[in-house]
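Reviewing the structure listed below.
Please treat every number below as a calculation from the coordinates, not as lab data. None of the values given here were measured: they were computed from a predicted structure. With ideal geometry, Cβ positions are generated from the backbone for all residues, glycine too; neighbour counts draw on all protein chains shown.
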Amino acid sequence: MSGKVIFMIETLTRELIVRLMEERSMTMRDAMDVVYNSETYHALNNLETGLYFQSPAYLYDVLSQELNK
């Protein structure tokens with residue numbers, strides 16, 4: 001995995017955590033726990049999915065759908 005891809009994944013992960021904190025009033029610890037244990041995060045780290053090319057808004061929608069199941 002190249003440095004650019006790692007940076008993109010880390011940036012998107014940070015955006016997901018911040019958005020959970022803002023929109024769902026989660027603590028940072030809870031938001032990190034949700035993101036790092038989600039199917040969305042695991043798919044984001046699978047380069048074959050191409051999710052690391054998506055926008056933070058799109059990924060948040062995917063994560064929200066997962067959480068609402």
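Points worth noting:
- Mean silhouette area of the chain, derived from the convex hull of its C-alpha atoms and averaged over all directions, reads 4.3 nm².
- Around residue 20: net Lys/Arg minus Asp/Glu count, Cβ-Cβ under 13 Å: -3
- Comparing 40, 27, 13 in a Gaussian network model of the chain where C-alpha atoms under 10 Å apart are linked, the largest mean-square fluctuation is found at 27.
- Residue 36 sits among other residues whose Cβ lies under 15 Å from its own Cβ, and their net charge, with Lys and Arg +1 and Asp and Glu -1, is -3.
- Under a model in which nothing but the beta-carbon of Lys, Arg (+1) and Asp, Glu (-1) is charged, the chain shows a dipole of about 100 debye around its Cα centre.
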